[in-house]
1. Roughly how many Å is it from the Cα centre of the range 67-82 to that of the range 256-291, as a whole number?
2. Computing the accessible area with a 1.4 Å probe over protein heavy atoms, can you report the carbon and sulfur percentage for the range 104-147?
3. Identify all lysines with a Cα-Cα distance to Lys338 below 27 Å; exclude those on the same chain that are fewer than 8 residues away in sequence.
4. Compute, for the chain, the length of the dipole vector about the Cα centre, with Cβ point charges of +1 (Lys, Arg) and -1 (Asp, Glu) only. Units Debye, rounded to 20.
5. Roughly speaking, what is the stretch gain from Arg264 to Val126, that is 0.36 nm per residue apart minus the C-alpha to C-alpha distance, in nm to one decimal?
6. Could you give the DSSP H helices of the chain that reach 15 angstrom or more along their long axis (alpha carbon positions) and whose average Kyte-Doolittle hydropathy is no lower than 1.0?
7. Which one, Val164, Gly16, Ala243, is farthest towards the positive end of the dipole of the chain when Lys and Arg carry +1 and Asp and Glu -1 on their Cβ?
8. Give, rounded to the nearest 20 debye, the magnitude of the charge dipole that the range 140-288 has about its Cα centre when Lys and Arg contribute +1 at Cβ and Asp and Glu contribute -1 at Cβ.
Amino acid sequence: MSNEAYALQVSRYPVGQVGADDFELVPVDLPEVADGQVLVRTTWTSVDPGLRLRLRADAPEGYFPAFPLHQPMDGIVTIGVIEESRAEGFPVGATVWHSYGWRTHAVVDAGEVAMNGLASLRVLDVDGIAPQTYLGPMGPMGLTAYAGLHVIGAIDDEPRTIWVSAAAGAVGVLVCQMARQLGHRVVASAGTDEKVRWLLDEIGVDAAFDRHDGPLGESLAQAAPEGIDLYFDAVGGDHLEAALAAMRPFGRIALCGSVGDYEREPAGPRNLFLATSKNLTMRGYRGSSYVDLLDEMQRRVRAWIQDGSVTVKETVYDGLDQAPRALADLMAGRTTGKTLVRVGD
Ligand SMILES: NC(=O)c1ccc[n+]([C@@H]2O[C@H](COP(=O)([O-])OP(=O)(O)OC[C@H]3O[C@@H](n4cnc5c(N)ncnc54)[C@H](OP(=O)(O)O)[C@@H]3O)[C@@H](O)[C@H]2O)c1
C-alpha cells in the first residue's frame, strides 16, 4: 500500500469557466481500515457537467450537494482496486466503484448508501470490459441514457424521430446508439464539424448538424423536415426552444440536463406554451433515480459493446491534477465521448 494519498479540493468557487486555481491538490491522512471497510486505490475518476453545478455555494435544490471548500470532493463515481479489506464480499484486488471522487485513495464503508444507491461500493465484473467503461456506458452515463429513452421517452416498437443534443458527449452518444439499435431515426447535434462527421460516419446517426451552423430551428428543420417525436435535452435554453417548435403533437421531451446554463445566466425557453398546444410531455429526471434498471442496462450494453454495435469513446486525461483541466475542456466542448481522468494503473 502507498503511504502517499492526495485529494483535489475546491479552493474557491469559480465564476464562469473553471480554472486550475479554483482547486488545490493536498496530501491527506488515511484513516485505519475498520470492520466493514475497505481501502481503495483510485484508478479512474469521472468528469461530468453536473460537477459544475456543485462548484458554487448553493447547488440547485434537490440535486447533489455543493462541494464544500477545502475538503475532498465526494459524490463523484470513481473506480479503483481494493488494497486492504475488512468487509465480506469485497476481496483485496477486486475492481470496485464508489463515490469518494477526486482522490488517490479512499477508505470506504461497504454498507454506506451513496448517491441514491448508484455509487454504493460495488464489485465490478471487468471480464472482457475495461474498468473505466463503468464510468461511461456501463455506469451512470449508460443508466441516464437508458432511463431517458425507456422511462422518460417511453420508446417502444413504433419508430420515432429523436433529436439528441450534445450528441457527441458521454450520455448523448449512448442515447444515439441505443436509439439506433432499437430502430429509431436519430438526428444529432454537436459543437464541431469533426464531431458531426464522427456521429454520421462512425456512430451511424441518420442526420447531424453543428449547433453553430446558423439558427438551430433551421438546422433542425433541415435534418428532420417532418418534425421530431422525442427530444433528448442535454442543453436547455435555445436548444429546448428549438425542440418545442419542432415537436410533433403528443411528443415527449426528456429533460436530462441544461449544460448551456451551467456557467451563465439561464436562458429560455420563450415558447413554453407549445408544450400545451401540442399536448407534449416534458419530464425531468436523474439517472440515479433508476438504479433498479442498472443490471438490465448493463446486460444489454455489455452485449452491444462486445458485439461491436456500441462504440465506446473516451477522452482521457492523465493524473489527478489534470481533473480541473478536463472539466474546463468538457464544458467548452473540447472532449468527445466520456471524459475521464486516469489516476493510476
Ligand atoms: N439527469 C442525469 O441523471 C444526468 C446524468 C449525467 C449527465 N446529465 C446531463 O446530461 C448532459 C450531458 O452530460 P455528459 O456527461 O454527457 O456531458 P458531455 O455531453 O460529455 O459534455 C458536455 C457537452 O455539452 C456541450 N455543450 C457545452 N456547452 C454548451 C452550450 N452552451 N450549448 C450547447 N451544448 C453545449 C458540449 O458539446 P458540443 O460543444 O459538442 O455541443 C460538451 O461537450 C448535461 O446536461 C449533464 O448535466 C444528466
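The values are calculated or read from the model by the stated rules, or taken from the named source; none is laboratory data. Because the structure is predicted, anything quoted here is derived from the model rather than measured. Please note: Cβ atoms are built from the backbone with ideal geometry, for glycine as well, and neighbour counts cover all protein chains shown. Note: accessible area is taken over every heavy atom of the protein model, side chains too, but ligands, DNA and RNA are not part of it. Shrake-Rupley method; radii C 1.70, N 1.55, O 1.52, S 1.80 Å.
1. Their Cα centres are 28 Å away from one another.
2. 49
3. Reachable lysines: Lys195, Lys313.
4. Here the size comes out at about 740 debye.
5. Here the answer is 45.8 nm.
6. Details: long enough: 170-181 (17 Å, 1.04); 294-306 (17 Å, -0.94).
Those that clear 15 Å and a mean of 1.0 are 170-181.
7. So the residue we want is Ala243.
8. Its charge dipole is roughly 440 debye.
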